[in-house]
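Worksheet: one structure, shown below.
FYI, it's all coordinate maths here, none of it is from the lab. Note that this is a predicted model, so its numbers are computed, not measured.
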Amino acid sequence: MKKTQKVLLISGISAVALFGVGVASFKIMENSNEYEKAQLVMEAREAKEQIERERDDEKIEAKREAKAKAAELEAKTAIYDGIEFETGLDEGSTETEVMHKMTHQKVRSQDKWGAIPMSPKIIEEVYKIVDSSDFQHRNRLLSIAARWRDFDFSTIVQDHNFFWEDKEGTVGKAHGTLSRAEEVEFIEVNFK
């Protein structure tokens, strides 16, 4: 009997031990799954925060670029900053009167008649006049003025020639843009 009791005792201890190992293994696996879920949640949160930081960085960079463009235009127009220029423009002005002379500051052409400085103040004045007008080409003029407000003069030659053709010009078609030095000279000569 003693052998049987020993076997039963060892079997019972083994069963309890196996049961304990099984429960422990189950708990470890359960904790492992919870840990993996927690890791995934943490990684997702970190990825979201990284995206938000990148968006914030992009916004900051966009603001820096806007300030740089404003500073660039300020430098370009500093030569006549503080001086008041009257455009003589109003809601009764014609389409070509409103914007054609402004382009002369930036374009190369055989002849130019008249000039209005392309300062932020005057560009804004022109934009408002065009916006409140019933000009035939109002939408195109608003598009041009909006580009100018954003310091985008990349199509200034085409803009000038649009006004020139609208005026049925025969002399003075623009064929290029002035260099920075030529523009400064034009400003000094015409806007002092």
Listed pairs K128/K167; K67/K112; K63/K173 exceeding 28 Å between Cα atoms: K67/K112; K63/K173
The stretch 98-140: C-alpha gyration tensor shape, a/c 1.5 cut-off, then a/b vs b/c: oblate
Cut-off under 5 Å, modelled amide H: who pairs with A174 long-range: N161
Gained length - E43 relative to E188, 0.36 nm times residue gap less alpha-carbon distance: 46.2 nm
